[in-house]
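Colleague: Supplied in structure tokens, the structure appears directly below.
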């Protein structure tokens, strides 16, 4: 019996080696799928030359079509570590060390983690774990006060163009807080609220002025107060990758050129700087009205670190969604976080990241990221481009790119102001709400783009940003989605539980969510016919609709159901399921 | 034909993804040994939705018994990247993407490197590449001025204990600069020079006073001036993990306890603080006279960042060897470097690191590390615990943990003040000098611990720190070592060239060093009998001793030879050698 040595991976790097406490290291090792039977960490203090190594078994926490990932946390009170892995396959045993595979391990063969420093501990705002986020485009949500509308405001039924205003404002959001509460929303994420020449406000003209057309800073403070009263948090959209060409610093640069104190705040290709020529770096390289900020410049970093903290304190907001977070320097994020935490210890930093988020989710940087890979894989599943087994494998491999602690912090989404509307991506209602409910039942912070809950349609930008329809009557699927959202709101296990896919028939997606002694099983039928799932455990149906047949449950096409398992009584059955898995 | 998919590794992390220029990314992919035939990177600007992907072939740069590592550098002038890998095996082709293995790649499947920020560019002091370092314990080297000796100074022939002083001083090093030049030394690395109650001075009492018993700050400045005149650089030992319990900050803490402004500069377990009780964290957990500094504390960081820069400027030194670098916070190193570079752009930061250096060698942190793994593997080879093939594989896997740019910056060593003397580790002279010469011919910055060049003996600390013997007469091997050191001094290819092991007979170690159009072949015979190596290329013997036989060269036992190849004429032959490899 030969182990697949080349598949074994351990690096002393997030997420394979993470400091998760003052004296705790969480370690992972990856192996080929079903290749090893058990994995252990053997460890002790780096400076301990006499004691035996301690030994802890690792748990298989992720499993894709190619890989198993094992994890365990080790503690050494004096914070100096040496460790190696013991891998069991069949009746054989092998050690994995900093010198590769060995049959006998000497101290110098160990991996060393020489010391834990307090700046490298992974810390997360506990309140945010698993909460449902609702994304509001302020202008498009609800107009509570026509007196502050700009003159060019249009009626809400018009299809938007790139200059349309509908008059939405902070008062409108306050008026609709009970609506948001009816979806179990935990976090309201507002589109940019700082003074800006555009309706979307992703081109900020003044980082120290809240838009008057939305109601100004006092109204925004009222919004956070009212949200807090209802147990909801508020996060703002922090736009630091670029500003408006109308920003005074950029105007100073256009005027004084080489002599401007802001010369190195931007990336100028040649002088004189000109918006017409666009001879400087911009958002997406092609938008001269949005000059790109040089976020590796220490002056820029200091300015925005202070600004972010200023509004967090003044407005009592609970964190930021961070625009183009993956284009901004790591130095910027580390400083921004330190500055923010000095005024608001538990503030959430959620970065807009379109691909693997690994680089930005490390200790001291962002807590969380938009999970666009969830959208990519889930749309592919909904469209039958991939099957349920491939889907489970892709989700697991994506989870391999972040820490276990952060799994319930990734913002799973199916649409945003930067994508087609979900109603346009997946026009078929039952399938669309199947994946909307799936988003609520999977790990992460489900992120609802305003209006998706009522099937708001829209093609490419700017059509994907239509006004909210407040006269809509909920369909059956939309009502079920709201019920599922409220179910999630009350479920600690959905917010904080782990994920375990159970191998199943192609077309059925089955997974558990587990937390301490509790267990839920989620079963979704992605086929066009009813499907049976064998189950001998004792269970209680807690969400969805099933037919029961002895030893089986039956789901109609495109249905999803949640069963609460009697974990204490089902241990054997569970082991059996795992073995099938 | 099936590729070993589970062996394929690419992470967006040092050293698999490194920013090596303002618009350049250097990417690696790892595959199972001899599994794939070719690897390409397909790439373009992240925001470019119209052009074709560009394609560049990757070069196999490292190869161990288990893995091949391929590398290439890609450039996108606007600094936003998307890319994927094309892998060729036999007549088949496969793409490796952020979604795993695919047969067709859509833009969202690519890996994204969304933007290069200037703070993440890997930058190295060019002058240091491949230079020979000579480690001096100041007290043990040469006493030029008995008037500054402490009263307890002993004669140099005494075996040292932990309180022995021999009177060595800066003037003594100045007096011996020509000696150091005769070994081609490029960098003189001095043991700690700041005021301290011990002879070794790793417990600093005052970070702003240079030891008077060594001659004080003016004499040290004279030393750097004199060294610079001879083209040699000087680096100091920066000791920031701990200080002396006599340091005023720690004394203040012992006096004022909770009320001391230095309360958070150290890690106190309980109050009152007491050196007798040792109720605080210390160097190695067990040395109360060396209280451990809290290097994640911003005040500590600011104090030492300023101090490091102060002496660099005042003394005109060229960098630091950094004590217990792997126990000090990453925030500390980033700030220390910024502060140092503000006064000395090209200063070298070489960390004391005993295991894999990956975590500390990233852009913005340290440039280089002590390579104790080189020592571990080379001693094992010298003792026949491993063979030459295993040795080559271990060296290659170790090089996989750092960037290609830094290969010639790793400080290869065979002994230091923290190990047994090499003469005690490997008493047999021929073998000892074989590996001493090997150290000079391999990539890296060879680090000579004072006296190893003259076979100075010594057991465990403090015996490994005997006084330098200035009356020693060089043996044949020692003379050859000095010649080899001078050969290296003049060889750009040894300082800057790449490494390529050639598969060979067990017992023979054969590798090339290559730089642009130049190539050297190094052949070392680790057996106890003479060995032949087949070679049909045209070559010139440039170091060592061989017997020539048609189509072969013959090396005596424990001999090492360097051949300069006529690269232009040997292309075909080289390809043939590679194929055998």
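Colleague: Return the residues of region A:512-522 that are part of a strand (DSSP E or B) and either over 21 Å from residue A:547 (Cβ atoms) or not assigned by TED's automatic domain parsing to the domain that holds residue A:553 (or both); say none if nothing qualifies. Full working, then the answer.
Modeller: Keep residues of region A:512-522 that are part of a strand (DSSP E or B), which gives A:512-515, A:518-522.
Once the filter is applied, which keeps residues that are part of a strand (DSSP E or B) and either over 21 Å from residue A:547 (Cβ atoms) or not assigned by TED's automatic domain parsing to the domain that holds residue A:553 (or both), region A:512-522 yields A:512, A:513, A:514, A:515, A:518, A:519.
Colleague: Might you check whether a residue that is within 16 Å of residue A:94 (Cβ to Cβ), more than 9 Å from chain B (Cβ to nearest Cβ) and in a strand (DSSP E or B) occurs anywhere in region A:5-20?
Modeller: no
Colleague: Restricting attention to region B:342-377, report how many residues are farther than 24 Å from residue B:17 by Cα, more than 13 Å from chain A (Cβ to nearest Cβ) and not in a loop (DSSP other than H, G, I, E, B).
Modeller: Result for region B:342-377: 1.
Colleague: Still on this structure, I have one more. Do the conditions hold for residue B:182, that is, is it touching a residue at least 12 places away in the same chain (Cβ under 8 Å), touching a helix residue (DSSP H, G or I) at 6+ places or on another chain (Cβ under 9 Å) and surrounded by fewer than 19 Cβ atoms within 10 Å (Cβ to Cβ)? Talk me through it step by step, then tell me what you get.
Modeller: Working: touching a residue at least 12 places away in the same chain (Cβ under 8 Å): yes; touching a helix residue (DSSP H, G or I) at 6+ places or on another chain (Cβ under 9 Å): yes; surrounded by fewer than 19 Cβ atoms within 10 Å (Cβ to Cβ): yes.
Yes, satisfied.
Colleague: Among (1) in contact (Cβ under 8 Å) with a residue 24 or more places away in the chain; (2) assigned to a loop (DSSP other than H, G, I, E, B), where does residue B:436 come up short?
Modeller: Checking residue B:436 against (1) in contact (Cβ under 8 Å) with a residue 24 or more places away in the chain; (2) assigned to a loop (DSSP other than H, G, I, E, B), the one that fails is (2).
Colleague: What residue, of B:159, B:174, is in contact (Cβ under 8 Å) with a residue 40 or more places away in the chain and in a helix (DSSP H, G or I)? Full working, then the answer.
Modeller: Numbers: B:159 fails: in a helix (DSSP H, G or I).
B:174 is the lone residue from the list that is in contact (Cβ under 8 Å) with a residue 40 or more places away in the chain and in a helix (DSSP H, G or I).
Colleague: Additional query: Looking at the structure I just gave you, is residue B:483 surrounded by fewer than 19 Cβ atoms within 10 Å (Cβ to Cβ) and in a helix (DSSP H, G or I)? I'd like the intermediate steps shown before the answer.
Modeller: Values: surrounded by fewer than 19 Cβ atoms within 10 Å (Cβ to Cβ): yes; in a helix (DSSP H, G or I): yes.
Taking the combined requirement at face value, the residue satisfies it.
Colleague: Quick one: is residue A:97 within 30 Å of residue B:278 (Cα to Cα), assigned by TED's automatic domain parsing to the domain that holds residue A:26 and without any contact (Cβ under 8 Å) to a residue 60 or more places away in the chain? Give the derivation first.
Modeller: Values: within 30 Å of residue B:278 (Cα to Cα): no; assigned by TED's automatic domain parsing to the domain that holds residue A:26: yes; without any contact (Cβ under 8 Å) to a residue 60 or more places away in the chain: yes.
For residue A:97, the condition - within 30 Å of residue B:278 (Cα to Cα), assigned by TED's automatic domain parsing to the domain that holds residue A:26 and without any contact (Cβ under 8 Å) to a residue 60 or more places away in the chain - is not met.
Colleague: Which one of these does residue B:125 not meet: (1) farther than 30 Å from residue B:334 by Cα; (2) more than 14 Å from chain A (Cβ to nearest Cβ); (3) touching a residue at least 24 places away in the same chain (Cβ under 8 Å); (4) in contact with a strand residue (DSSP E or B) (Cβ under 8 Å, 6 or more places away or on another chain)?
Modeller: With respect to (1) farther than 30 Å from residue B:334 by Cα; (2) more than 14 Å from chain A (Cβ to nearest Cβ); (3) touching a residue at least 24 places away in the same chain (Cβ under 8 Å); (4) in contact with a strand residue (DSSP E or B) (Cβ under 8 Å, 6 or more places away or on another chain), residue B:125 is out only on (1).
Colleague: Given A:369, A:382, A:347, which one is in contact (Cβ under 8 Å) with a residue 12 or more places away in the chain, under 30 Å from residue B:48 (Cα atoms), surrounded by 20 or more Cβ atoms within 10 Å (Cβ to Cβ) and in contact with a strand residue (DSSP E or B) (Cβ under 8 Å, 6 or more places away or on another chain)? So that I can check it myself, show each step before the final result.
Modeller: Values: A:382 fails: in contact with a strand residue (DSSP E or B) (Cβ under 8 Å, 6 or more places away or on another chain); A:347 fails: under 30 Å from residue B:48 (Cα atoms).
So the residue among A:369, A:382, A:347 that is in contact (Cβ under 8 Å) with a residue 12 or more places away in the chain, under 30 Å from residue B:48 (Cα atoms), surrounded by 20 or more Cβ atoms within 10 Å (Cβ to Cβ) and in contact with a strand residue (DSSP E or B) (Cβ under 8 Å, 6 or more places away or on another chain) is A:369.
Colleague: If I filter region A:109-116 for residues that are free of Cβ contacts under 8 Å to residues at least 24 places away in the same chain and within 30 Å of residue B:386 (Cβ to Cβ), do I get at least one hit? Reasoning before the result, please.
Modeller: From region A:109-116, those free of Cβ contacts under 8 Å to residues at least 24 places away in the same chain are none; that's our starting set.
Within region A:109-116, not a single residue is free of Cβ contacts under 8 Å to residues at least 24 places away in the same chain and within 30 Å of residue B:386 (Cβ to Cβ).
Colleague: Further question on the same structure: Looking at (1) within 22 Å of residue A:452 (Cβ to Cβ); (2) modelled with pLDDT of 95 or more; (3) buried (at least 16 other Cβ atoms within 10 Å of the Cβ), which one does residue A:156 not meet, given that it meets all the others?
Modeller: Exception for residue A:156: condition (2).
Colleague: What is the number of the single condition among (1) part of a strand (DSSP E or B); (2) over 23 Å from residue A:52 (Cβ atoms); (3) within 11 Å of another protein chain (Cβ to nearest Cβ); (4) touching a residue at least 60 places away in the same chain (Cβ under 8 Å) that residue A:119 does not meet?
Modeller: Result: residue A:119 passes all but (1).
Colleague: Which residues, taken from region A:31-60, are closer than 15 Å to residue A:73 by Cα and facing chain B (nearest Cβ under 9 Å)?
Modeller: Passing the criteria: only A:45.
Colleague: Condition check: under 30 Å from residue B:493 (Cβ atoms), touching a strand residue (DSSP E or B) at 6+ places or on another chain (Cβ under 8 Å) and touching a residue at least 24 places away in the same chain (Cβ under 8 Å). Does residue B:193 satisfy that? Break it down stepwise before answering.
Modeller: Working: under 30 Å from residue B:493 (Cβ atoms): no; touching a strand residue (DSSP E or B) at 6+ places or on another chain (Cβ under 8 Å): yes; touching a residue at least 24 places away in the same chain (Cβ under 8 Å): yes.
When the stated conditions are applied, residue B:193 does not pass them.
Colleague: Residues in region B:352-366 that are touching a helix residue (DSSP H, G or I) at 6+ places or on another chain (Cβ under 7 Å), free of Cβ contacts under 8 Å to residues at least 60 places away in the same chain and under 16 Å from residue B:407 (Cβ atoms): how many?
Modeller: The qualifying residues number 3.
Colleague: Another question, if that's okay. Taking residue A:424 and the conditions (1) surrounded by fewer than 18 Cβ atoms within 10 Å (Cβ to Cβ); (2) not in a helix (DSSP H, G or I), which numbered condition does it fall short on, given that it satisfies the others?
Modeller: Result: residue A:424 passes all but (2).
Colleague: Here's another thing I want to ask about it. Sort out which residues of region B:67-98 are farther than 17 Å from residue B:11 by Cβ and within 14 Å of another protein chain (Cβ to nearest Cβ), and write them in order of number.
Modeller: Once the filter is applied, which keeps residues that are farther than 17 Å from residue B:11 by Cβ and within 14 Å of another protein chain (Cβ to nearest Cβ), region B:67-98 yields B:76, B:77, B:78, B:79, B:80, B:94.
Colleague: Looking for something buried (at least 20 other Cβ atoms within 10 Å of the Cβ), within 30 Å of residue B:82 (Cα to Cα), within 14 Å of another protein chain (Cβ to nearest Cβ) and more than 25 Å from the chain's Cα centre (by Cα) - is there at least one such residue anywhere in region A:300-312?
Modeller: Checked region A:300-312: at least one residue is buried (at least 20 other Cβ atoms within 10 Å of the Cβ), within 30 Å of residue B:82 (Cα to Cα), within 14 Å of another protein chain (Cβ to nearest Cβ) and more than 25 Å from the chain's Cα centre (by Cα).
Colleague: Right, next: Looking only at region A:318-340, count how many residues are more than 8 Å from chain B (Cβ to nearest Cβ) and in contact with a strand residue (DSSP E or B) (Cβ under 7 Å, 6 or more places away or on another chain).
Modeller: Selection size over region A:318-340: 8.
Colleague: Restricting the search to region A:31-78, which residues are without any contact (Cβ under 8 Å) to a residue 40 or more places away in the chain, in a loop (DSSP other than H, G, I, E, B) and under 30 Å from the mean Cα position of the chain (by Cα)? Write out each step before concluding.
Modeller: Quick first cut of region A:31-78, residues without any contact (Cβ under 8 Å) to a residue 40 or more places away in the chain only: A:32-34, A:44-45, A:47-48, A:50-60, A:68.
Now restrict to residues that are in a loop (DSSP other than H, G, I, E, B): A:33-34, A:47-48, A:50-53, A:58.
Within region A:31-78, A:33, A:34, A:58 meet the criteria.
The values are calculated or read from the model by the stated rules, or taken from the named source; none is laboratory data. Quick caveat, the model's predicted, so the values are computed rather than measured. Cβ coordinates were reconstructed from backbone atoms using ideal geometry, including for glycine residues, and neighbour counts include every protein chain displayed.
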